[in-house]
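Following: one structure in structure tokens, then a few remarks.
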Amino acid sequence: MRNVFGSNAYKFGLFGANCAGGMSLSAAPERWRADWDEITQVYRLADEAGIEFILPIAKWRGLGGKADMWGRSYETFTHSAAAGAMTKRIGVFVTAHVPITTPAFAAKAIATIDHVTHGRAGLNIVCGWNPDEFDIHGAKIDYARRYAHGLEWFNIYAKMCEGDAAFDWDGEFFKLRGVATDPLPVQRPRPPVMSAGISSAGRDFAAQAADILFTSLPNNLNEAPQLIRSVQQAAAQCGRATEVYTQTQVVCRPTRKEAEDFYYYFAEEQADDEALAYFRRQKLTTVGKSAGEYQHYQQQPTKHSVETAGKPYPGIFPGMLPIVGSPDDVVEKLKLLSTTGIAGSALVFLNYLSEMPLFVQEVLPRMERAGLRHPQTAARKVPAVASLER
Ligand SMILES: Cc1cc2nc3c(=O)[nH]c(=O)nc-3n(C[C@H](O)[C@H](O)[C@H](O)COP(=O)(O)O)c2cc1C
């Protein structure tokens, strides 16, 4: 299988730091505010520590509620050009919304970032789910056909990256004339592509177009290997290889008790239940109609429910896997994920800047000792661990 971003058996990406709230549905005052100077500190730390990539979220409006998660967000192409220019090794993804970004715009913008970074750009293709966001652009999403739209978009983009002579395109969604771009991306045949489907249509899309699929894992982790194998088999049938990653919110503290207390505080006591209700309403009335595909939206606990084994608190984003505990606990869980066939995680922290140093200093060396990552000495150069107390 092609190994995107080097040869660590378990890879990490920093997810959502370009948006206020990151990926936490919490109104806790410690939450991420997406201050640009803090973002740059986090990215430099991740770069030095050998984290494989930065994955921003493309958002056009927030979720409302108490904290208006995502209400403030940096646009991802411009963000990642800047993030790439200020770092040395880390991969920088952009996130293109299919209904509002043309393939020709994406091809030129990605090539620009790939040249700026000498080959560190990556593309996350997103078909969209929240109609309120697209109203800002006057664009509509056809939910039944959105991944067909995405696949045609990808085919045009991929052909442009090949660098052939200018071509015309007569498809279902695009009628284009004289399509070509210069410069081509540095990475050949194109920068890595990821997508994040949870529906079967989303996973099929990934098998046909993506090098990495981010997906949510079944509540019962024993079912994960079968899910991962089915994606890999579908990709193999298209003559391709797709690695499967998942999204993890890490709540790590020196002791398990401290981690669990903090988790309870921000994800239960301070959960932004109004934002969660808005999110679920938008999902279930649009893409979530197909029964069975969106169990985690329906099963999301309501606030003040008693936590039962493995069930996340409502401040944890639907589909996100919380990993809570001491550094040893965190690594045990990541080892377990690795044995299911998961090849990496998009990492989320309530506050990236105050929580990353402990992760870098204590979790990464344990991942190395577990054989899941290669030794990375620069990681030790992190600043003193900032106060983790609330
Ligand atoms: C790692 C990850 C990154 C995502 N990035 C974005 C994004 O930047 N913008 C967006 O509108 N949706 C984003 N999504 C949502 C997905 O595109 C997708 O709609 C969601 O995972 C549900 O899957 P489905 O489309 O198969 O229903 C992301 C999801 C994940 C798990």
Residue pairs within 8 Å by beta carbon, gap of at least six or interchain, first lying in segment 40-65 and touching a residue at least 12 places away in the same chain (Cβ under 8 Å) and closer than 30 Å to A277 by Cα, second within 16 Å of the ligand (Cβ to nearest atom) and of a type in the set (K, R), listed first then second, are G62/R72
The condition of being out of contact with any Cys (no Cβ under 7 Å at 6 or more places or on another chain), buried (at least 24 other Cβ atoms within 10 Å of the Cβ), assigned to a loop (DSSP other than H, G, I, E, B) and at pLDDT 95 or above holds, among W60, W32, only for W32
Checked F12, F77, F93 against criteria (within 14 Å of the ligand (Cβ to nearest atom), free of Cβ contacts under 8 Å to residues at least 40 places away in the same chain and either assigned to a helix (DSSP H, G or I) or closer than 25 Å to L372 by Cβ (or both)); the one match is F77
Is segment 157-180 home to any residue that is modelled with pLDDT of 95 or more, within 16 Å of the ligand (Cβ to nearest atom) and crowded, with 16+ Cβ neighbours inside 10 Å?
no
For segment 195-240, the count of residues that are away from the ligand (no atom under 12 Å from the Cβ), touching a residue at least 60 places away in the same chain (Cβ under 8 Å), small (G, A, S) and surrounded by fewer than 22 Cβ atoms within 10 Å (Cβ to Cβ) equals 1
Consider E258 carefully, then state whether it is touching a helix residue (DSSP H, G or I) at 6+ places or on another chain (Cβ under 8 Å), among the acidic types (D, E), more than 16 Å from the ligand (Cβ to nearest atom) and modelled with pLDDT of 95 or more. no
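Residue check: is P192 crowded, with 16+ Cβ neighbours inside 10 Å, of a type outside the set (K, R), within 16 Å of the ligand (Cβ to nearest atom) and farther than 30 Å from G64 by Cβ?
Judged against the criteria, P192 is a match.
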Note: among T87, T101, just one is in contact (Cβ under 8 Å) with a residue 24 or more places away in the chain, surrounded by fewer than 23 Cβ atoms within 10 Å (Cβ to Cβ), of a type in the set (S, T, N, Q) and not in a helix (DSSP H, G or I), namely T87
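The values are calculated or read from the model by the stated rules, or taken from the named source; none is laboratory data. Computed from a predicted structure; not experimentally measured. Cβ coordinates were reconstructed from backbone atoms using ideal geometry, including for glycine residues, and neighbour counts include every protein chain displayed.
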